[in-house]
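Scroll down for the structure; my scribbles are underneath it.
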Amino acid sequence: MTSVESDPAKTIESVRAVPAVSGFFFDDQRAIKTGAEQDGFAYQGDPVTPGFDRVRQAGESVSVLLELSDGTVARGDCAAVQYSGAGGRDSLFRAEAFAPVVENTVADALFGRSVREFRDNADILEELTNDGERLHTAIRYGVSQALLDAAAIARRGTKTDVLADTYGTVPASDPIPVFGQSGDNRRKNAEKMLLKGVPVLPHGLFNSVEKVGSDGERLVKYLAWLSNRAVELGPEGYNPRFHVDVYGILGKIFAPPYDRAEIADYFADLREAAAPFPLQVEGPMDVGGREEQIYAMAELRDGLADAGVDVDIVADEWCNTFADVRAFVDASAADVVQIKTPDLGGIGRSAEAVLYCDGTDTRAYLGGTCNETVTSARACAHVALATDAAQTLAKPGMGFDEGYMVMENEMRRTIYRRKARTKQTRTKETPNENRR
């Protein structure tokens with residue numbers, strides 16, 4: 001078998017962009033929060049976020065194909081989050097509009113470069129501009145996945161190996177806990193997760209006052225139901241972590257200041273309902289800006305700590321870029337930060353963001369969106385393994401089963417390959433003298 005070292009260097013010969021579909025939809029979050037009513041699977045009303053033609057519209061992606069000098073092809077998918085254009089994120093991603101940028105601006109910059117130099121290539125991509133503007137985060141995300149794939153092909157290893165070598169990490173030896181998301185079908189899909197023993201669940205999509213309850217009572221009742229069903233349906237010894245996303249709705253129910261007794265009492269009710277399982281609440285409020293959000297989150301976290309309420313809070317809104325993640329972590333404004341992979345641009349930036357949490361009191365949740373693709377999700381599974389993230393999202397799609405399968409199986413395959421290679425290396429280094 002030819003060694004990695006003897007594999008001739010491959011270079012990028014062409015960059016192609018194929019407009020494609022994504023795993024879910026783009027939703028105008030601002031329109032939904034301000035009263036757009038659900039009409040079956042669609043929404044009634046006019047969009048309010050620039051770029052949207054309707055409140056809910058079909059998701060799009062761009063498949064990036066890097067043809068290498070030996071004829072092999074590396075792949076990555078440009079994808080953007082479901083709630084594009086909200087919370088400080090880049091604008092709505094239109095495949096037909098951005099595919100030419102990949103085939104021109106990006107292709108010109110990468111042509112002829114050695115694919116072994118993942119970090120150098122990724123850095124070039126991060127600095128590129130088009131018409132004076134930095135490349136859309138979705139472009140940087142998808143092209144960097146293809147660069148990672150190309151580097152793994154050239155090294156005849158896994159993407160986890162490339163990332164571990166690049167960032168000097170020791171990859172996880174077991175799959176990272178996968179976080180399942182239920183969508184609006186929050187009971188049936190949660191039961192699926194419990195039957196499969198999913199480590200973190202159910203997300204819940206509590207994105208309106210109606211779903212949470214005018215006093216938050218519906219969320220309390222849901223967590224009590226979930227706790228009971230976990231005991232009834234979960235495998236023996238099952239101890240999941242509950243994670244619900246409330247999209248800032250608690251900030252509408254409870255005005256600031258967020259460290260007052262009334263709010264701590266409500267979170268204590270949530271804690272009691274979820275018992276005996278640990279609970280974390282994502283996006284408790286959305287106050288309209290990063291610094292304001294950091295202050296509000298830190299205020300809530302301090303209030304819960306002072307009251308002895310053991311509920312973790314998760315940063316999402318206004319925590320989009322690598323700089324945002326650093327700001328939230330430095331301010332100790334959350335117990336967990338979601339690293340929303342498409343919003344950080346290049347996939348290496350997600351790895352760096354996870355590693356920034358090391359040594360702090362903030363855990364890294366390598367998230368993303370239901371609106372990604374299988375290709376982008378599989379790439380993220382390698383980031384999770386290489387950086388030993390606290391948890392990672394089941395994606396793409398909102399049906400749960402498919403996304404869980406994609407992430408869990410990619411990690412298991414990778415761990416198997418790494419262990420098999422290590423065993424093979426040890427066998428070569430210590431030959432069996434009795435072998436005939």
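The values are calculated or read from the model by the stated rules, or taken from the named source; none is laboratory data. Computed from a predicted model, the values in this text were never measured in an experiment. In this analysis, Cβ positions are derived from the backbone assuming ideal geometry, glycine residues included, and neighbour counts consider all displayed protein chains. We work out accessible area using only protein heavy atoms, side chains counted, and drop any ligands, DNA or RNA first. Shrake-Rupley method; radii C 1.70, N 1.55, O 1.52, S 1.80 Å.
Of note:
- Each Lys or Arg adds one and each Asp or Glu subtracts one; over the other residues with Cβ under 14 Å from the Cβ of residue 182, this totals +2.
- Bridge type composition, segment 242-327 - antiparallel percent by DSSP, nearest 5: 10
- Ordering of 80-86, 299-305 by burial proxy (mean other Cβ atoms within 10 Å per residue, highest first): 80-86, 299-305
- The chain - percent of accessible surface contributed by carbon and sulfur, probe 1.4 Å: 47
- Placed amide H near residue 200: partners under 5 Å, 5+ positions off or other chain: 178, 180, 241
- Between helix 347-356 and the chain: long-axis angle, C-alpha atoms, 0 to 90°, nearest 10: 60
- Proximity of backbone amide H atoms, modeled 1.01 Å from N, is registered between residue 45 and no other residue at under 5 Å, excluding neighbours fewer than 5 places apart on the same chain.
- For residue 378, the shell of other residues with beta-carbons less than 14 Å away shows a net charge of 0, using +1 for Lys and Arg and -1 for Asp and Glu.
- Loop-located trypsin sites (Lys or Arg not before Pro) in segment 234-299 whose Cβ has at most 16 other Cβ within 10 Å (DSSP): 260
- For segment 346-409 versus segment 174-196, the inter-centroid distance based on Cα atoms is 15 Å.
- Sites residue 225 and residue 255 - FRET efficiency at Förster radius 45 Å, r taken between beta-carbons, to 0.05: 0.95
- Fully extended contour minus Cα-Cα distance, from residue 323 to residue 421, at 0.36 nm per residue: 31.6 nm
- Working note: Karplus 6.51/-1.76/1.60 with θ = phi - 60° gives segment 162-170 the couplings 4, 5, 5, 5, 5, 10, x, 10, 10 Hz, where Gly and Pro are set to x.
- Per-residue Karplus couplings for segment 360-369, computed as 6.51 cos²θ - 1.76 cosθ + 1.60 with θ equal to phi - 60°, are listed in order as 10, 9, 10, 8, 9, 9, 7, x, x, 7 Hz, Gly and Pro entered as x.
- Highest mean packing first, where packing is the average number of other Cβ atoms within 10 Å per residue, the peptides 49-62, 357-370 line up as 357-370, 49-62.
- Approximating the spin labels as points 7 Å out from Cα along Cα→Cβ, the residue 167-to-residue 129 distance works out to 2.8 nm.
- Surface accessible to a 1.4 Å probe, per residue, for the residues of segment 97-193, Å²: 39
- Qualifying lysines (Cα of each under 23 Å from Cα of residue 192; at least 8 residues distant if same chain): 211, 221, 395
- A straight chain from residue 265 to residue 73 at 0.36 nm per residue would run longer than the Cα-Cα distance by 63.5 nm.
- Segment residue 37..residue 215, full-extension length gain: 62.0 nm, with 0.36 nm per residue of separation and the alpha-carbon distance subtracted.
- Charge tally in the Cβ shell below 10 Å around residue 338, where Lys, Arg are +1 and Asp, Glu are -1, residue 338 excluded: -4
- Gyration tensor (alpha-carbon) shape descriptor, segment 125-221, a/c threshold 1.5: oblate
- Inter-label distance for residue 330 and residue 413, nm, one decimal - labels placed 7 Å from Cα along Cα-to-Cβ: 4.0
- Backbone amide hydrogens, once placed in the peptide plane, bring residue 339 within less than 5 Å of 365, 366, 367, excluding anything fewer than 5 places away on its chain.
- Under the Karplus curve 6.51 cos²θ - 1.76 cosθ + 1.60, θ = phi - 60°, whole-Hz ³J(HN,Hα) for segment 38-49, x wherever Gly or Pro sits: 6, 10, x, 8, 8, 10, 7, x, 8, x, 10, 7
- Label-to-label distance, nm, for residues given as residue 310 and residue 185 (7 Å Cα→Cβ offset): 3.4
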